[in-house]
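Trainee: Okay, here's the structure, questions in a sec.
Read the figures in this text as sums done on the coordinates, not as results from a lab. Just so it is clear, the model here is predicted, and its values are computed rather than measured. All Cβ positions, even for glycine, are placed from backbone atoms using ideal geometry, and neighbour counts span all protein chains on display.
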């Protein structure tokens, strides 16, 4: 089984609705876990935050593409502003904020996540390798 798990955080990401200590989304492509690991992964065009993978299971090739985007608006130079550096620092290891900074960060975090949902787009294309 393959899994998608948030990694760019020094702590596990917890979603209360999942009732677990961490967040992980599992998925299976093809006939499931086999004895052979015949998968390659790559960044599309070598740099984009779009993950491509190819899995070959005998005479079937599974090509997947995955990326995150905004739910209700297109990613443009204006909408793709990144994460506030203090908000990002809150999720790194060893951050130390004063009470004032913590309050400021929490306000910035609330503003950043207000009315913005990030979704995962994931596609799989099957290619038959035999004629």
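Trainee: Mind checking which of 84, 12, 59 has the largest fluctuation in a GNM of the chain, springs on alpha carbons under 10 Å?
Mentor: 59
Trainee: Per residue of the chain, what 222 nm ellipticity follows from adding -39500 (n - 2.57) for every DSSP H run with n ≥ 4, rounded to the nearest 500? Please report the intermediate quantities before stating the final value.
Mentor: Details: 2 runs with 21 residues, N = 131.
Rounded to the nearest 500, it is -5000 deg cm²/dmol.
Trainee: Mind checking the angle between helix 99-113 and the chain's longest principal axis? C-alpha axes, 0 to 90 degrees, to the nearest 10.
Mentor: Its long axis makes an angle of about 40 degrees.
Trainee: For the chain, what relative contact order do you get, as a whole percent, if you take Cα pairs closer than 8 Å and at least 6 residues apart?
Mentor: Relative contact order, the chain: 25 percent.
Trainee: Could I ask something else about it? Working out 0.36 nm times the residue gap between residue 109 and residue 83, then minus their Cα-Cα distance, what length gain in nm do you get to one decimal? Intermediate values should be presented prior to the final figure.
Mentor: Working: separation 26, 0.36 × 26 = 9.36 nm, distance 0.91 nm.
Full-extension gain reported as 8.5 nm.
Trainee: Cα-Cα pairs above 11 Å in the range 73-115: how many percent?
Mentor: Values: 626 of 903 pairs.
I get 69 percent for the Cα pairs in the range 73-115 exceeding 11 Å.
Trainee: In addition: Run the quick spin-label model on residue 13 and residue 25: label points 7 Å from Cα toward the beta carbon, then report their separation in nm to one decimal.
Mentor: Placing both labels 7 Å beyond Cα along the Cβ direction yields 0.9 nm.
Trainee: When the Cα atoms of the chain are enclosed in a convex hull and the volume is divided per residue, what value in Å³ results? List each step's numbers first, then the result.
Mentor: Numbers: hull volume 22.4 nm³, N = 131.
Measuring per residue, one finds 171 Å³ for the Cα hull of the chain.
Trainee: Could you work out how far apart the two model spin labels at residue 96 and residue 73 are, taking each label as a point 7 Å from the Cα in the direction of the beta carbon, and quote it in nm?
Mentor: 3.8
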